[in-house]
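Asker: Please find one structure pasted underneath; my questions will follow.
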Amino acid sequence: MSETWTEQDVPDQSGRVAVVTGANTGLGFETARVLAERGASVVLAVRNTEKSKQAAARMTGDVTVQPLDLTSLESVRAAAADLRAAHQRIDLLINNAGVMYTPKQTTHDGFEMQFGTNHLGHFALTGLLLDRLLPVPGSRVVTVSSVGHRIRAAIHFDDLQWERSYGRAAAYGQSKLANLMFTYELQRRLAQHGTTVAVAAHPGMSNTELPRNSPAVVRLPLTWLAPLITQNAARGSLPTLRAATDPAVLGGQYYGPSGIGETRGRPKLVTSSPQSYDIAIQRDLWAVSEDLTDVKFPV
């Protein structure tokens, strides 16, 4: 597969419906912008609808806004109901939104903020929308992970919500590892249907608003080093766009930058950490996620 892939390689998306979470800034904005320019009907699924209306005004094409707060399962269910009412088919669901290194806090449902937002919110949304994707040949669920899935990362079944102790980096790592394990288990379940595939991507080190919750000791060096070690949001969105649109993509694959350490560069097929491929843990995480969200998948 080509390692010179750019947004110009995104094929025509006319007639396709794409739902992109967290699409008012950064990676999500750039992903939605390109899909809309290529002809897709794009839904910006976001918490801050005012910012999203401003973002939509900066895009060319058919772009609408859907309120979605991933920290609230009630909001996730309401958004899914709205989307199901508005769209008989969905071609692309891009689980892009996320939080990083937040202070210890919980979602509306009592989940640790990073695990609840990055994994459980998207898990629930996907389950509630999947029957709109299953009948559509070539439909895809793309979930955005991070190089952080390798850093102090494990699925802590004995303390998923970090009630006994809390570390920002470790909690973020767990949530991003969960994104990958969800993708791989979902793909196994989708394989028998033959229409929809699940794919993962990561943006490398991209200069976005995501690290804004990081402690100053982390945030300030990143600010100084950003020009040297990061790429802009448009470049960072390319692995997601490739995972979502390249005809050669297969279910269960993972895309990231091609440069040293996968920090920056053109998008290519990459591999995730060895533990992310542990099928037993993937299945256990799936079962726990279903219980916590009370969302059952039609696969």
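Asker: crowded, with 19+ Cβ neighbours inside 10 Å, assigned to a loop (DSSP other than H, G, I, E, B) and under 20 Å from the mean Cα position of the chain (by Cα): which single residue out of Ala80, Ala97 fits that description?
Answerer: Ala97 is the lone residue from the list that is crowded, with 19+ Cβ neighbours inside 10 Å, assigned to a loop (DSSP other than H, G, I, E, B) and under 20 Å from the mean Cα position of the chain (by Cα).
Asker: Gly116 - would you say it is closer than 20 Å to Ala201 by Cβ and either touching a Lys or Arg at 6+ places or on another chain (Cβ under 8 Å) or not hydrophobic (A, V, I, L, M, F, W, C) (or both)?
Answerer: Details: closer than 20 Å to Ala201 by Cβ: no; either touching a Lys or Arg at 6+ places or on another chain (Cβ under 8 Å) or not hydrophobic (A, V, I, L, M, F, W, C) (or both): yes.
For Gly116, the condition - closer than 20 Å to Ala201 by Cβ and either touching a Lys or Arg at 6+ places or on another chain (Cβ under 8 Å) or not hydrophobic (A, V, I, L, M, F, W, C) (or both) - is not met.
Residue by residue, here is whether (1) touching a residue at least 60 places away in the same chain (Cβ under 8 Å); (2) within 23 Å of Val295 (Cα to Cα) holds:
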site	(1), (2)
Gly148	no, no
Arg152	no, no
Asp158	no, yes
Arg164	no, no
Gly167	no, no
Ala170	no, no
Gln174	yes, yes
Ala178	yes, yes
Leu186	yes, yes
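Asker: Moving on. Out of segment 251-299, which residues are assigned to a helix (DSSP H, G or I) and surrounded by 17 or more Cβ atoms within 10 Å (Cβ to Cβ)?
Answerer: Scanning segment 251-299 gives Glu262, Ser276, Ile281, Gln282, Leu285, Trp286, Ser289, Leu292, Thr293.
Asker: Please give the number of the condition Ala248 fails out of (1) at pLDDT 95 or above; (2) in contact with a strand residue (DSSP E or B) (Cβ under 7 Å, 6 or more places away or on another chain); (3) assigned to a loop (DSSP other than H, G, I, E, B).
Answerer: Among (1) at pLDDT 95 or above; (2) in contact with a strand residue (DSSP E or B) (Cβ under 7 Å, 6 or more places away or on another chain); (3) assigned to a loop (DSSP other than H, G, I, E, B), the lone unmet condition for Ala248 is (2).
The values are calculated or read from the model by the stated rules, or taken from the named source; none is laboratory data. None of the values given here were measured: they were computed from a predicted structure. Every residue, glycine as well, gets a Cβ built from its backbone with ideal geometry; the counts of neighbours run over all protein chains shown.
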